[in-house]
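Contents: one structure, followed by commentary.
Here, each number is a calculation from the coordinates, and none is a lab measurement. If you're wondering where the values come from, they're calculated on a predicted model, not measured in any experiment. Methodologically, a virtual Cβ is constructed for each residue, glycine included, from the backbone with ideal geometry; neighbour enumeration extends over all protein chains shown.
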């Protein structure tokens, strides 16, 4: 469009001859100009045509590569064209979606369907039919290639319309500094309007300046800019600068690293507290059901872990049904699984109480052995039904990934589990303290015979309390399926910790379980970086033993008749 | 003391009974089946891995019987369940050999279970086929190691990471579960890395307990260690169930394989079956076999397996291939010896060569380890591995590591004149010590 417009303005000047002398030359010039623009037009036209053909020729080379270094050479050739159109085939290659049709050695972007692979043109993205997996071969990639492609795409997607893509591109360029990046980054900074993107772009430019041969003053400014970023990738960049530079630049880098590290040390402490709280929430979830059956009823239930496992397997079954019948509901799978897990575990708990435990009240040793046996039976039953291998329980999208709070990466699944643990605790507390059923439950635990004389059907209260404790273990299983294995052994890992929490917190007290879980979690996570996971756990156990020596009834001992039994 | 004495009398009396039984067994030679013992946990923590191997053995025995059995007799599998309980492994092994009079035993997974049955096998002179990758530093006359020794898995894996294709890694995290296999393997790797010029501050070693599930601190420590401006990789000897939460945490904290790849020695197709592998694409594993290897032998093996187990989704894995090789070697050695007498079969085993599933042949060496190719695979979105590197030839299992001071002078050769599992080439005497 602009070219034809220019031609028109040129020709309009033709009709205004001013002096004869000049006028004679003008038409010549005009023809010259017209010819030039035409030529230009023609060359640009054929250039874009040639560019596409060239790109296709390069892409076709993927069909003949025999190893990763050859694939890498083709990738380099593609990125060297600097054409944004190469993004599609390169991204497909990085994702392992670039295919070659065996019949004619054509290269396609593929999308795996149910049976066949749908094929698309690598440049235009137009659908190109489909092929069965036997007729096509995948162009294989490895990590080195994926990284090369990611770095190359970083530069190519700097001009993307989506700010998040631009930030990702700038971030990649920050992590892989290259003196050649300064030019494109300068241009991008000049045209950038979003402040957050601009900041990252400037950091990327600073990182690139540090590896270029720019004057020292520029480098010092760059170090200050990167130092202000203050995260681990900044340390990474500055460390390599420190190793290669000398004089004031080296000193500035050293100082900046020290500055970042001292602020990171604070973040580390914050991180330990968060990890501790998160571990505490898992312990609380696992232990809270036990706080009822063991804490309130005094039943040593060794099959408690298996209730958790049943909850996790219920989640698996729910997800299995959703996957095969209602794939759209996958993000809701956990919410659907919650009531079902509660019902399944509560029903099994009820059966155990009615079938075994009610005959054994007041005989803790027998109860312990009987429930241990039940736990083995449940484990083996699950192993027989579902097989011994781990079952895949997927994370819904809102449970995956993480977000940053300052320098702290908070993973969504841990955050949701914390929220969930606290809300389960709140609901349970309400049931125990505010409902008439909770009142009856507390009456029976406080004084069974008196409660019975008041007309409370104590056997039923026992059965329902046990079912409630088991049901809560079941919904804990739904949450734990998100962070742990779903295997028949799932419960084993939690039973010891659960008893530890309940005993430490004080038998018979829900608040004790809460405080116990969180303090154990935080102490554990503070010890772990220094002592290692194995020693950390031992130290925690020793501390608990010492604590129990001092206060045999735990943190919050129940006073009165409740503990007499 | 009394306990010890009771134990000794028990062992002695058991030995006497066993000898008597063996004698009576050889007296009535006209037995119509050859019994093969299968010693894998079918309950307890290890059931997750070992049950599959039991099924694989049953399939192999069924196939051999369909081919007409062995020496004109049918094979009969005797399955026992040592229930992931290490002392019970020794008891069950004794039961298999003395009571059931099996001709050979296929079994064990963990090193501690293998160590617990060793005395039983040498005392009663029977054969154990051990199918799992292990830490080395051992060579017994009665044991055939069909899994990988460290030089058939760990060393080539580290070599790959150091190569240009693997990303020229300069900084190493050795992450393992706290027991004998990771500790010994990491000791070997540390010595190996230092011999390649890696500085001590570029190696971080960390251990976690069995079944560990809260990996937040460890993963963020890896992230921190990896931000020192040098290419970093994790070498993971994390075992069994602990892997799933480990990989979930890696995915959630956004550690990508392009930045910090994790090379695992104990993660196979089976372990990945419990995981959504999309965030893990590109993380690595080193084995001698992958289900994705496309050879006619492997395709047949997989389709046979699916038919046998009646489930098209069950995966195959490296220890299954090890049993495949071990069982076929035993069959061949028995045919060669013309008898199932363990003593004669042990001598006939050395030099036996059978096809493996990756398109080559595996041979039993005089040190009772086998030759195998080493494959490096990257995890794919579909839960399979794609081979990204393969050793050009077969690698011979080296039982005594060359990188540990205690074992570098030791060799093993169970052939006639030497017949020694720990011959010291410096002193010229049989009997040296390993690191365990």
Computed, not fitted: 222 nm per-residue ellipticity of chain A from DSSP H runs ≥ 4 (each -39500 (n - 2.57)), nearest 500, equal to -23500 deg cm²/dmol
Placing one equal point scatterer on each C-alpha of the protein assembly as shown and summing with Debye, one gets log10 I(q)/I(0) at q = 0.06, 0.07, 0.09 Å⁻¹ equal to -0.55, -0.73, -1.13
Rg/Rh of the range B:55-178 (Cα atoms, Kirkwood Rh), to two decimals, equals 1.09
Checked chain A against the a/c 1.5 cut and the a/b vs b/c comparison, axes a ≥ b ≥ c from its Cα gyration tensor; verdict prolate
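Can you give me the relative contact order of chain A as a percent, contacts being Cα pairs under 8 Å and 6 or more apart?
Computed value for chain A: 14 percent relative contact order.
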Listing A:155, A:384 by rising number of other beta-carbon atoms within 10 angstrom, fewest first, gives A:384, A:155
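With a ≥ b ≥ c the root eigenvalues of the C-alpha gyration tensor of the range A:195-266, is it rounded (a/c under 1.5), prolate (a/b larger than b/c) or oblate?
Since a/c reaches 1.5 but b/c is at least a/b, the shape of the range A:195-266 is classed as oblate.
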Within 10 Å of the Cβ of an average residue in B:217-223, the count of other chain Cβ atoms is 5
Computed over the range B:118-229, the Cα gyration tensor eigenvalues, each multiplied by 5 and square-rooted, give semi-axes in Å (largest first) of 32, 18, 11
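How much of the DSSP beta bridge set in chain B is antiparallel, as a percent to the nearest 5? Numbers along the way, then the final one.
On the way: 21 of 55 bridges.
Antiparallel bridges make up about 40 percent of those DSSP assigns within chain B.
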Per residue of A:489-496, other chain Cβ atoms within 10 Å number on average 3
Rg (one decimal) and Dmax (whole number) from the Cα set of the range B:153-310, in Å, equal 16.3, 52
Rounded to the nearest whole number, the Stokes-Einstein translational diffusion coefficient of chain B at 4 °C and 1.567 mPa s (Kirkwood radius, C-alpha pairs) in µm²/s is 58
Computed on Cα atoms only, the convex hull of the range A:333-405 has an orientation-averaged projected area in nm² of 8.1
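Averaged across the residues of B:228-235, what count of C-beta atoms belonging to other chains lies within 10 Å of each residue's C-beta?
3
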The helix A:492-505 Cα axis meets the longest alpha-carbon principal axis of chain A at an angle in degrees, between 0 and 90 and rounded to 10, of 60
For chain A, the longest principal axis of the Cα atoms and the Cα long axis of helix A:195-210 enclose an angle in degrees, to the nearest 10, of 70
Note on the protein assembly as shown, DSSP bridge orientation, antiparallel percent to nearest 5 equals 55
Computed on Cα atoms only, the convex hull of the range A:478-565 has an orientation-averaged projected area in nm² of 7.1
Applying the gyration tensor rule to the Cα atoms of the range A:87-194 (axes a ≥ b ≥ c; rounded if a/c under 1.5, else prolate if a/b exceeds b/c, else oblate), the class is prolate
Expressed in angstrom and ordered largest first, the alpha-carbon extents of the range A:226-270 along the principal axes are 35, 15, 15
For the range A:120-176, the Cα-Cα pair-distance distribution in 5 Å bins from 0, as whole percents, is 4, 15, 16, 17, 17, 15, 9, 6, 0
Connecting every pair of Cα atoms under 10 Å apart in chain B and solving the GNM, the largest mean-square fluctuation among B:195, B:266, B:213 falls on B:195
Over the range A:335-454, the quotient of the Cα radius of gyration and 2.2 N^0.38 Å is 1.48
Sorted largest first, the C-alpha extents of the range B:243-283 along its principal axes in whole angstrom are 25, 18, 14
Whole-number value, in Å³ per residue, for the convex hull of the alpha carbons of the range B:357-409 is 126
Sorted on mean Cβ neighbours within 10 Å (highest first), peptides A:91-103, B:384-396 come out as A:91-103, B:384-396
Rounded to two decimals, the Rg over Rh value of the range A:147-243 from Cα coordinates and the Kirkwood Rh reads 0.94
From DSSP H assignment alone, runs of 4+ in chain B each adding -39500 (n - 2.57), the sum over residues rounded to the nearest 500 puts [θ] at 222 nm at -11500 deg cm²/dmol
Least to most buried among B:350, A:282, by other C-beta atoms within 10 Å and fewest first, runs B:350, A:282
For chain A, the longest principal axis of the Cα atoms and the Cα long axis of helix A:247-290 enclose an angle in degrees, to the nearest 10, of 40
Length gained if residue A:343 through residue A:263 is fully extended, taking 0.36 nm per residue and subtracting the Cα-Cα distance, is 23.9 nm
Most packed first (mean Cβ within 10 Å per residue), the peptides B:45-53, A:267-275, A:448-456 order as B:45-53, A:267-275, A:448-456
